[in-house]
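Comments concern the structure below.
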Amino acid sequence: MSTMAAEVLEFVQENDVKFVRLGFCDLFGVQKNISIMGSELPAAFEHGISFDAHAVLGFRDVTRSDLLLFPDPATLTLLPWRPGPGRVARFFCDIKTPDGAAFLHDGRTLLKQVVAKAEAMGYTCNVGAECEFYLFNTDDDGEPTTTPLDHGGYLDIAPLDRGEDIRREICLTLEEMGVTPETSHHEQGPGQNEIDFRFSDALTSADNLLTFKSVVKAIAARNGLFASFMPKPILGAVGSGLHVNLSLSHNGTNIFSGVGQGHSEAAESFIAGVLAKTPEITLFLNPITNSYERFGKFEAPKYVSWSHENRSQLVRIPAANGEKARMELRSPDPALNPYLAFALIIAAGLEGIEQALSLPPAVDADLYAADASVTSALAQLPESLEKALKLAQQSDFVKRVLGEELLAVYLAHKQPEIAHFAAAKDKAEFYTQRYFGVI
């Protein structure tokens, strides 16, 4: 047993932790957990906790249904909304097969492998996620309705903004759990909110995003509300994006300072790699049919392009210096699996560095209003889940990063979803029934 695991066991005993949740997510980013008693934690560290992988979407068939959860001691956190006596702790877990091998469909392990490649190349990748969500009222039975909490707009204050106290409670809870909120505000849509937390290394950032989503949903429910991370829950309003900010450090220095001004060829090649591969990985950044209602409107991108500060672009270089200098990828949405998404984005950037790709010229135009003389020269993001699936299916890059087995399973699960959507007479009703109460 590692020293950290031993310290965790001591903490659990000293802090009256009676229940331990072993958290992970399925292939499509839906969070799962098993609860064990605190006394079982030593066995979990040593031997893992078995679960039925056949019952988890995208994992295994019934003939090989056993997998094991191994808690990562570095991810220990107490759940503040479950006070003592008998406190509840949570770990994120790595998933292994009964013979001790890493499970090929475990996105967390996959992301670790990509991070290790970056480190072997001399780089540390920092990731920050800006995640938007909607708050809706619930009915007398506590079921979600499609009525938003308020009709406030961007940066509004009370009484137009009725989410101030909810965001405050979410921020304080996150802080207790070791996730540092930086800003929070009302977004453009009715009942739409955004809370941004501090960037971290890629693995921690993916873990933190899962923590964030679970906290938002738990605090909303405790206040009689429903939180939705559906990309476009109100078709006529602004969609919810998950803007992914990335930077690279080399020998402790952020090489993204001065991007676009010729100061760092590696940083510019990283961006070029992300631009080149985003259409091929869009299936994993925008993984449901509803995702494609966002593109090309309300500050969501449509074209493969970049520029400084410009929010109509796929990649924006924010006005920031020092450790905050970065690129922002604006196409992803909150329905994604963060481990798979971050792994693919970072791998794309690293391939750009390996191939010394040149960053194409910036497109300094409002692409929502630009005429065909500007847009006709630009590649477009796929316009539907079906088109995104075809691009991923044909991508040698995606096969290399994810592995052919994982990709085949992912595609096999998405194809029926596409067929059901195509057969639906009412697209809005399909979105509501399939996604609204789940994502």
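The table below lists the values:
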item	result
Selection count, segment 138-147, where residues are under 26 Å from the mean Cα position of the chain (by Cα) and either open to solvent by less than 90 Å² (accessible area, probe 1.4 Å) or of a type outside the set (D, E) (or both)	5
Within segment 93-105, tally of residues that are open to solvent by 10 Å² or more (accessible area, probe 1.4 Å) and either touching a residue at least 60 places away in the same chain (Cβ under 8 Å) or touching a Cys at 6+ places or on another chain (Cβ under 7 Å) (or both)	1
Unmet criterion (only one of (1) touching a Gly at 6+ places or on another chain (Cβ under 7 Å); (2) within 29 Å of C93 (Cβ to Cβ); (3) among the charged types (D, E, K, R)) for D207	(1)
Set L76, L27, L22: member being of a type outside the set (G, A, S), at negative phi and open to solvent by 30 Å² or more (accessible area, probe 1.4 Å)	L76
Residue under evaluation D165, criteria (1) over 30 Å from L78 (Cβ atoms); (2) surrounded by fewer than 16 Cβ atoms within 10 Å (Cβ to Cβ); (3) at pLDDT 95 or above, criterion not met	(1)
Hits in segment 1-57 (condition: small (G, A, S) and closer than 30 Å to N286 by Cβ)	G23, G29, A53, A55
Restricting segment 385-410 to residues that are touching a residue at least 60 places away in the same chain (Cβ under 8 Å), out of contact with any helix residue (DSSP H, G or I) (no Cβ under 6 Å at 6 or more places or on another chain) and open to solvent by less than 60 Å² (accessible area, probe 1.4 Å), the residue that is nearest to L336 (Cα to Cα)	Y410
Residue under evaluation R316, criteria (1) assigned to a strand (DSSP E or B); (2) open to solvent by less than 10 Å² (accessible area, probe 1.4 Å), criterion not met	(2)
D150 open to solvent by less than 10 Å² (accessible area, probe 1.4 Å) and among the charged types (D, E, K, R)	yes
Failed item in (1) open to solvent by less than 10 Å² (accessible area, probe 1.4 Å); (2) in contact with a Gly (Cβ under 8 Å, 6 or more places away or on another chain); (3) farther than 17 Å from G241 by Cα, with I353 passing the rest	(1)
Among residues of segment 26-76, those that are of a type in the set (V, I, T), within 18 Å of F91 (Cα to Cα) and out of contact with any Leu (no Cβ under 8 Å at 6 or more places or on another chain), counted	1
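Rundown of residues vs (1) closer than 30 Å to P332 by Cα; (2) part of a strand (DSSP E or B); (3) among the aromatic types (F, W, Y), yes/no style:
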residue: A6; (1), (2), (3): no, no, no
residue: F24; (1), (2), (3): yes, yes, yes
residue: F28; (1), (2), (3): yes, no, yes
residue: A44; (1), (2), (3): no, no, no
residue: R82; (1), (2), (3): no, no, no
residue: L104; (1), (2), (3): yes, no, no
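The values are calculated or read from the model by the stated rules, or taken from the named source; none is laboratory data. As the structure is a computational prediction, the values presented were derived from the model and not from experiment. Backbone-built Cβ (ideal geometry, glycine too); neighbour counts: all protein chains shown. For accessibility, only protein heavy atoms count, side chains too; no ligands or nucleic acids. Shrake-Rupley method; radii C 1.70, N 1.55, O 1.52, S 1.80 Å.
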